[in-house]
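A short write-up of the structure that comes next.
The values are calculated or read from the model by the stated rules, or taken from the named source; none is laboratory data. Quantities reported herein were computed from a predicted structural model and do not represent experimental measurements. Here the Cβ positions follow ideal geometry from the backbone for every residue, glycine too, while neighbour counts run over all protein chains shown. The accessibility values were calculated without ligands, DNA or RNA, using every heavy atom of the protein model including side chains. Shrake-Rupley method; radii C 1.70, N 1.55, O 1.52, S 1.80 Å.
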Amino acid sequence: MTEAGVGGRPPRPPGRTTVRDAARDTAGVAKRNLLRIVRTPQLIVIGALQPAMLLVLFRYVLGGAIRVPGGSYVDYVVPAIFLEAVLIGGMTTSIGLAADLKSGIIDRFRSLPMARSAVLAGRTIADLSRSLLSLAIMVGLGLLVGFRFHAGVGSIIAGMALILVFGYAFSWLYAAIGLATKDPETAQIAGILPFFVLMFASNAIVPVATMPSWLQGFARNQPLSVTIAAVRALLEGGPAGHWVWQSLAWSAGILIVFFAISLRLYRNTAA
Amino acid sequence: MGAAMIEVEAVTKRFGSTIALGGVDLVAEEGRVLALLGPNGAGKTTLVRILTTLLRPDSGRARVAGCDVVADAAALRHLIGLAGQYAAVDELLTGRENLELVGLWYHLEKREYRRRAQDVLERFGLLDAGDRLVKTYSGGMRRRLDIGASLIARPAVLFLDEPTTGLDPRTRNDVWSFIEELVSAGTTVLLTTQLMEEAERLAHQIVVIDTGSVIARGTAEQLKARLGGATLEARVSDPADLERAATLLAQVGDVRPRIDPDRQLISIPAAEGTALLVAAGRRFEEEHIALDDLGVRRPSLDDVFLALTGGGSGAPPEFPEGAE
Ligand SMILES: Nc1ncnc2c1ncn2[C@@H]1O[C@H](COP(=O)(O)OP(=O)(O)O)[C@@H](O)[C@H]1O
Ligand SMILES: [Mg+2]
């Protein structure tokens, strides 16, 4: 090989990727996706529209007919809408990855010496900032329709952090969906499924006690319900510890399982 | 010179019941261009994907720059560049951002990848457009950026999958010049193409593949020799003139012409192209034989296949008639 590095520096021996390289690779991917987010502001607006409509629907259309024990419905449903906003936003992870696969850009990534986890980690991290943004928008809208915080600042921040942690864990599920479907349209349709199941068979909109008994076990203990219960408690200022730990355990489990699945899918894609 | 930079031995790959590669062997030497020539679905992209570690072969072995494509895949990725069949550039980034990120992902230091991105923009005539979003680029600009990105780490071996498909003739020529420059600087290039002309212009070695198998290999000269070079073709307006026209061409070319009565077509080998064409044209005029068409036809990819798959009348019907 005659192609030496520039400035007399010999080319780096192609050895193992160091931790620093992996961190740089991931930061590079995150930068790429953040630039894409910033340059498509219309997507942020449209992304906020869906949860905003859910908010209006449950606050004004259906809310009057739903009774919840010990409090106002708006304070009951708005924390759930916060989570739904973050989950809906997570679908962009699966759609975006599928689009990258289809366009051939993932082929280029996979032919480069970059760390294998960087493409997925960089994207989920960039999408986390999108979640943060849509959460901020929803908090503003929530306050506008009459939602009120009843807890101290520390507790409120903990509640918001819990939402983001849950959303981040879920973005790995969406990453797996995007890699498995390999097609943006299919990814979109497939991504709605877990969202619907978790949202409607949950305590998000109505108390679980109103459901048939065979459904109650699932509806009470599934990850979204547990997290909504924890967030409600944190924003209300009640005892939250029990739910918070359960939510964190779910998030950790979802993250670990779907990180492993996604990485495997990424490695073997098209093979 | 002479060291093997790409060695492929009996590589196979199937997708379900489709045999994409049915045992391919080839060798590319350092500093040379190897063209993989074949029609759509021949298996070109599949082989490129195997050689760039994107796909594992089902069986067989392949080494690139001394690295096994399966066992040493991680090390190999430092040494190669790939510009795939579809330009893999990011529409929502600028040209410069695209290049710098690829440099970063090759683990170049920041100062280094910034300089090289600047170099690539200059060299590929993209300096003015460098800070514009790629979605404003034309197809040719994207293709140049894509090839530029594959060069940012100055790879020892470069893979270009149909680098000029869909480009206008001028941009195609630009891309050809870039490739020639690279090769004169010592890079080994494997490119795939459906165009005989492209293979002829760029490649030191041509490997013709069809439905996953190598059906011919050699230099452009060797392949053309097998084809018998260019032919002169005359199409008469009136079928009654066919015999007279054949006799005339036999005299002009001093060979026995081939006659295709269905298409009212007579052809003879035309090694000395234009001179023969002028002579034949003059004679047809003297004899008052009306022609629909008269021309010299260079061997096309279709002809390669006609020749290689049994030739002549036994041509598969899906091949289009050669363009005049
Ligand atoms: N991922 C895939 N899944 C199924 N079939 C494939 C896949 N990739 C390629 N093929 C098939 O393998 C054959 C060779 O394809 P390809 O290598 O893309 O050919 P070329 O690049 O020469 O046009 C074709 O029949 C194609 O349909
Ligand atoms: Mg192809």
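Mind checking the mean number of beta-carbon atoms from other chains within 10 Å of the Cβ atoms in A:98-110?
The mean count of partner-chain Cβ atoms within 10 Å per residue comes to 5.
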- Please work out the average accessible area per residue across the stretch B:4-225, using the 1.4 Å probe convention, and give it in Å². 37
- Task: Could you work out, for the protein assembly as shown, what percent of all Cα-Cα pairs fall into each 10 Å distance bin, beginning at 0 Å and stopping at the bin that holds the largest distance?
- Result: 3, 14, 20, 18, 14, 12, 9, 5, 3, 1, 0
- Task: Along Cα→Cβ, 7 Å out, is where each label goes; now give me the distance between the ones at B:ILE259 and B:ASP238 in nm to one decimal.
- Result: 1.7
- Query: Given the protein assembly as shown, what percent of its DSSP beta bridges are antiparallel, to the nearest 5?
  - Reply: 65
- Points 7 angstrom from Cα along the Cβ direction at B:THR136 and B:ALA185: gap in nanometres? 2.8
- Label chain B by shape, choosing from rounded, prolate and oblate, from the square roots a ≥ b ≥ c of the eigenvalues of the Cα gyration tensor; if a/c is under 1.5 it is rounded, and otherwise prolate applies when a/b is larger than b/c, oblate when it is not. prolate
- Message: At 0.36 nm per residue, and after removing the present C-alpha to C-alpha distance, how many nm does the segment from A:VAL197 to A:LEU144 gain when stretched out fully?
- Response: 16.2 nm
- Query: Given a 1.4 Å probe and every protein chain left where it sits, what share in percent of the accessible area of the protein assembly as shown is carbon and sulfur?
  - Reply: 59
- For chain A, what value does the Rg/Rh ratio take when both radii are computed over Cα atoms and Rh is the Kirkwood radius, given to two decimals? 1.05
- How well do other chains shield peptide B:42-51, expressed as the mean number of their Cβ atoms within 10 Å of each residue Cβ? 1
- Message: One quarter of the convex hull surface, Cα atoms only: what value does that give for the stretch A:103-157 in nm²?
- Response: 6.1
- Using a 1.4 angstrom probe with every protein chain in place, what is the largest-first accessible-area order of B:LYS224, B:LYS44? B:LYS224, B:LYS44
- State, as an integer percentage, the relative contact order of the stretch B:4-225 based on alpha-carbon contacts under 8 Å between residues 6 or more apart. 30
- Mind jotting down a quarter of the surface of the convex hull over the alpha carbons of the stretch B:229-297, in square nanometres, one decimal? 3.9
- Item | 222 nm mean residue ellipticity, helices alone, for the protein assembly as shown (DSSP H n ≥ 4; -39,500 (n - 2.57); rounded to 500) | -17000 deg cm²/dmol
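Could you order peptides A:67-80, A:102-115 by the average number of other Cβ atoms within 10 Å of their residues, highest first?
In descending order of packing, they fall as A:102-115, A:67-80.
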- In nm, to one decimal, how far is the modelled label at B:ARG56 from the one at A:SER213, with both set 7 Å along Cα→Cβ? 5.2
- Rounded Å value of the spacing that divides the Cα centres of the stretch B:218-296 and the stretch A:249-271: 66
- Sequence neighbours fewer than 8 away in the same chain don't count; with that in mind, list the lysines whose C-alpha is under 17 Å from B:LYS44. B:LYS13
- Query: By how many degrees, between 0 and 90 and to the nearest 10, does the Cα long axis of helix B:139-151 differ from the longest principal axis of chain B?
  - Reply: 50
- Item | Accessible area buried between chains B and A, both sides summed, probe 1.4 Å, in Å² to nearest 100 | 3500
- Expressed in angstrom, Rg and Dmax over the Cα atoms of the stretch A:183-229 are 12.4, 39
- Message: Give the aspartates and glutamates reachable from A:LYS182 as a straight Cα distance under 14 Å; neighbours fewer than 8 places away on the same chain don't count.
- Response: A:ASP100, A:ASP107
- Query: Taking the highest mean first, how do the peptides A:149-160, A:24-35, B:3-14 order by number of other beta carbon atoms within 10 angstrom per residue?
  - Reply: A:24-35, B:3-14, A:149-160
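With contacts defined as alpha carbon pairs under 8 Å and 6 or more residues apart, what's the relative contact order of chain A in percent?
24
Kindly report the accessible area of the stretch B:229-297 per residue (heavy atoms of protein chains, probe 1.4 Å, no ligands, DNA or RNA), in Å². Could the numbers behind the result be given before it?
Details: 3910 Å² over 69 residues.
Accessible surface, normalised per residue, equals 57 Å².
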- Additional length obtainable on full extension of the chain from B:ALA71 to B:LEU127, 0.36 nm per residue less Cα span: 16.2 nm
- Number of partner chain Cβ atoms within 10 Å, mean per residue of B:85-98: 4
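Over all pairs of distinct alpha carbons, what does the Kirkwood formula give as the hydrodynamic radius of the stretch B:130-203, in Å?
Here the Kirkwood hydrodynamic radius works out to 12.9 Å.
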- Extension length gain for B:VAL278 and B:ALA4 (0.36 nm per residue less Cα distance), in nm, is 94.0 nm
